[in-house]
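We did not get these values from a lab; they are worked out from the coordinates using the rules stated. For clarity, every value in this text was computed on a predicted model and none was experimentally measured. In this analysis, Cβ positions are derived from the backbone assuming ideal geometry, glycine residues included, and neighbour counts consider all displayed protein chains.
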Amino acid sequence: MPDQATRRGLLIVLSSPSGAGKTTISRKLMEADPTITMSVSATTRPPRPNETDDVDYHFVSDDEFEKLVEDGELAEWAYVFDHRYGSPKEPIKTALKAGRDILFDIDWQGTQQLETAFGNDLVSIFILPPSMAELERRLRSRATDSEEVIQGRMRRATGEIVHWNEYDYVLVNDDVETCLAEVEAIIVAERLRKHRRPYVADLARKLVERPND
């Protein structure tokens, strides 16, 4: 059978309002499938004490980020809480050619930009909470955010959820293990799409040319 390198890679976007379970599902997905790696974004945000440059993020200055934008080197970028974040194109192109899959934690705006840049290489998944009451309960159960932050996240959630129909797949995270299994099933199916398996066309042609072999 063809090896991984003969399959074109896949760009996997997971989007959701804060508290819907996106981070948990992303972590579990990568634990279960080490061939999936998280995209390393460039950011103007200063590193935190436990973060490593070029591992957690590519930490750059405002001027360096602006040059990346001007030179067209970012597949997508956006402002998040007064700092800029973006996905460099070249590592994405390299991974796709090598048959590696990359996971993106970006919002609907970043997803639109990424789709413009990479088209059929992208599969987008939006994760909904079962209810707004449950979403708020999950945010409060973290016990890490102030009341002001929680209310801000709830307000932003509405603005994010209205874009659900722009995604390829929409899942409801009522149970995290069930939702994870659905994400894994989507990835298995997407990896088998014919445009990601170029060797299938060669095999089909050979079978038609020499049907008795």
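What number, rounded to the nearest 500 deg cm²/dmol, is the helix-based mean residue ellipticity at 222 nm of the chain, given -39500 (n - 2.57) per DSSP H run of at least four residues and division by all its residues? Mind showing how you got there, number by number?
Working: 8 runs with 92 residues, N = 213.
Rounded to the nearest 500, it is -13000 deg cm²/dmol.
The angle separating the long axis of helix 199-209 from the principal Cα axis of greatest extent in the chain is about 20 degrees.
Percent relative contact order of the chain, based on C-alpha pairs within less than 8 angstrom and at least six residues apart? Spell out each step's value before the answer.
Details: 291 pairs, mean separation 68.8, N = 213.
The value is 32 percent.
Ranked by the mean number of other Cβ atoms within 10 Å of their residues, highest first, the peptides 109-120, 198-209 come out as 109-120, 198-209. Summarising the strand pairing of segment 1-153, around 35 percent of its internal DSSP beta bridges are antiparallel.
Taking a straight Cα-Cα cut-off under 18 Å and skipping sequence neighbours fewer than 8 places away in the same chain, the aspartates and glutamates within cross-link reach of Lys28 are Asp56, Asp101, Asp105, Asp174, Asp175, Glu177, Glu182, Glu184.
Less than 5 angstrom separates the built amide H of Gly99 from those of Gly9, all sequence-distant by 5 or more or on a different chain. Put simply, when 149-155, 51-57, 70-76 are sorted by average Cβ atoms within 10 angstrom per residue, most first, you get 70-76, 149-155, 51-57. Take the Cα of Val208, step 7 Å toward its Cβ, do the same at Asp63, and the gap between the two points is 5.8 nm.
Assign one of three labels to segment 77-133, namely rounded, prolate or oblate, based on the Cα gyration tensor with a ≥ b ≥ c the square roots of its eigenvalues; rounded applies when a/c is under 1.5, prolate when it is not and a/b is larger than b/c, and oblate otherwise. Note, shape of segment 77-133 comes out oblate. This model, with +1 at the C-beta of Lys and Arg and -1 at the C-beta of Asp and Glu, gives segment 81-212 a dipole about its Cα centre of some 800 debye. Residue by residue, segment 100-116 carries 3J(HN,Hα) couplings of 9, 9, 10, 9, 10, 9, 9, 8, 5, 5, x, 4, 4, 5, 5, 5, 4 Hz when phi is fed to the Karplus relation 6.51 cos²θ - 1.76 cosθ + 1.60 (θ = phi - 60°); x denotes Gly or Pro. Relative to the longest principal axis of the Cα atoms of the chain, the long axis of helix 132-141 makes an angle of roughly 70 degrees. Counting Lys and Arg as +1 and Asp and Glu as -1 over every other residue whose Cβ lies under 14 Å from the Cβ of Pro46, the net charge comes to -3. Straight-distance candidates among the lysines for linking to Lys97, with alpha-carbon spacing under 20 Å and chain neighbours fewer than 8 residues away dropped: Lys89, Lys194. Whole-Hz Karplus values for segment 122-130 come out as 9, 10, 10, 10, 10, 10, 9, x, x Hz, taken residue by residue from phi with 6.51 cos²θ - 1.76 cosθ + 1.60 and θ = phi - 60°; glycine and proline positions read x. Straight-distance candidates among the aspartates and glutamates for linking to Lys67, with alpha-carbon spacing under 17 Å and chain neighbours fewer than 8 residues away dropped: Glu76, Glu90. On the principal axes of its alpha-carbon atoms, the chain has extents of 71, 43, 30 Å, going from largest to smallest.
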